[in-house]
Amino acid sequence: MKYKHLTSFALLAGLATSQAVSANTITIGTYSFDSTVVADELVSGSGEAYNGTTDYVATVDGWYQYGTENLLSAPNDATDQMVNTYIGTEDYYNGPLSLELGFSSALPVNNQGSDLVFFFLWDQTDNLATVTINGVDQKLDGLFTNVVNSAGDQQVATDVAWAGGTEGQVQLMSAEIDLSSFGFVDGAQLTDPFMITMQSTNANPMALAMVAALNTTDVSDITPVPVPAAVWLFASGLGVLAAMRRRKS
């Protein structure tokens with residue numbers, strides 16, 4: 001896997017570094033959300049991936065080191081709570097990289113406005129990404145915007161790993177989606193994992209840093225599906241029959 005030349009990023013005066021401002025709150029430009037609403041599960045993957053230090057090949061059997069048969073632990077660079085870590089693909093000729101992600105603590109809910117935000121490192125203007133939910137595809141092409149603060153200053157991630165070294169400041173971009181586009185009615189929850197498929201077509205890697213839910217329901221608040229009364233009557237009937245058998249014996 002070869003490393004492409006990164007497009008230079010012209011820094012502006014007054015740039016702010018995105019960071020977690022407390023143990024439970026993550027602030028990235030004008031975005032602010034609880035750490036529990038970050039997609040923290042990497043369910044599966046396919047294709048070639050890179051996290052700045054290690055080349056991976058994702059298969060149905062697990063994650064392998066590129067060019068070897070060494071089985072590695074699944075990378076958590078796109079599912080942790082740090083915006084300066086990522087998992088992505090940096091070469092168009094490697095083909096697309098697909099990541100299946102999920103939430104364990106807070107489920108995204110279809111509400112007014114955007115429901116999910118995807119954070120990327122480097123300029124993604126010409127790169128390709130498709131989100132798949134419930135069998136419906138939506139392209140992120142054309143949705144990428146620079147992450148800025150309230151003053152309009154471009155936000156960056158600091159000390160980003162790349163090719164054995166670090167990039168001091170790296171441009172941050174985001175893309176938002178509305179669950180209504182995937183057939184969700186108002187108040188419907190995203191309970192299943194979703195897929196994002198990425199492919200780099202320019203000088204920058206297609207690098208996913210984080211996914212967060214903008215509208216959520218805490219998993220502990222989800223009302224369990226009620227069991228029909230007939231099921232309970234059937235179960236109690238079985239208990240009576242069992243007791244009768246024990247008496248006869």
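The values are calculated or read from the model by the stated rules, or taken from the named source; none is laboratory data. Predicted model, so just to flag it, every value in this text is computed and none were measured. What goes into the accessible areas is simple: the full protein's heavy atoms, side chains included, and nothing from ligands, DNA or RNA. Shrake-Rupley method; radii C 1.70, N 1.55, O 1.52, S 1.80 Å.
For the stretch 24-114, the Kirkwood hydrodynamic radius comes to 14.6 Å, computed from all pairs of different C-alpha atoms.
Taking all protein chains into account, the per residue accessible area for the stretch 46-128 stands at 41 Å² (1.4 Å probe). A simple rule links phi to the HN-Hα coupling: the Karplus curve 6.51 cos²θ - 1.76 cosθ + 1.60 with θ = phi - 60°, which for the stretch 203-210 gives 6, 10, x, 7, 10, 8, 9, 5 Hz, with x for Gly and Pro.
Take the convex hull of the alpha carbons in the stretch 179-218; its mean projected area over all directions comes to 4.1 nm².
Extension gain for SER180-LEU71 works out to 35.4 nm (0.36 nm per residue, less the C-alpha to C-alpha distance).
Coupling constants for the stretch 94-109 follow from the phi torsions by the Karplus curve (6.51 cos²θ - 1.76 cosθ + 1.60, θ = phi - 60°), and in residue order they are 6, x, x, 10, 10, 10, 9, 10, x, 10, 10, 10, 9, 8, x, 10 Hz; glycine and proline get x. What the Cα convex hull of the stretch 83-196 gives, in volume per residue, is 130 Å³.
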